[in-house]
Amino acid sequence: MNADYVAIRLWSLPGALVLLAALALSPGVAAQCQVGLDAPPTEPERPNHHPIGRSLPLSPDFRQPDGCTDAFWFFDDDRDGEPDRAETRVFGPDRQVICASCHDAMPPADSAVATQTYLRRDPATLCLTCHAL
């Protein structure tokens, strides 16, 4: 495996280091990323909604986030190194999908549907952020 494509994430706890994940990243992405805050609590799953409270799988069927802050990972679609409102996020060291992964109280107005449902981006492209179909 090429070292440009792998990052090992460590999270420090008092007196211990915890290995979080080995992630396949885009070439050139810095591997200096630590997300130490736990994901916020989630509500029960609802019918007709994406499952929440589950970690993003490390499999070829899923894209991996390529940026992070101390609170969440994000898919840096515009490659500016900053989490923008329209960029999907996963939370906590284990990269959980929660409501705020796809929803934002003040979404960008890229479509009427996104605005009406508080989605970070148009539903036609939202799924492809994480799912490699």
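Converting phi to 3J(HN,Hα) with the Karplus coefficients 6.51, -1.76 and 1.60 and the offset θ = phi - 60°, segment 118-133 yields 6, 7, 5, 8, 4, x, 5, 10, 4, 4, 6, 5, 9, 8, 8, 8 Hz in sequence order, with x at every glycine or proline. In this structure, the amide hydrogen of Phe62, modeled 1.01 Å from its nitrogen in the peptide plane, lies closer than 5 angstrom to those of Ala132, counting only residues at least 5 positions away or on a different chain. Using 0.36 nm per residue and subtracting the Cα-Cα separation, the extra length available between Thr125 and His50 on full extension is 25.6 nm.
By the count of other C-beta atoms within 10 Å, a proxy for reagent exposure, His50, His131 are ordered fewest to most as His131, His50. Once the chain from Ser59 to Ala132 is taken as fully extended at 0.36 nm per residue, the excess over their C-alpha distance is 25.3 nm.
Bear in mind these aren't lab numbers, they're just calculated from the coordinates by the rules spelled out. Predicted model, so just to flag it, every value in this text is computed and none were measured. In this analysis, Cβ positions are derived from the backbone assuming ideal geometry, glycine residues included, and neighbour counts consider all displayed protein chains.
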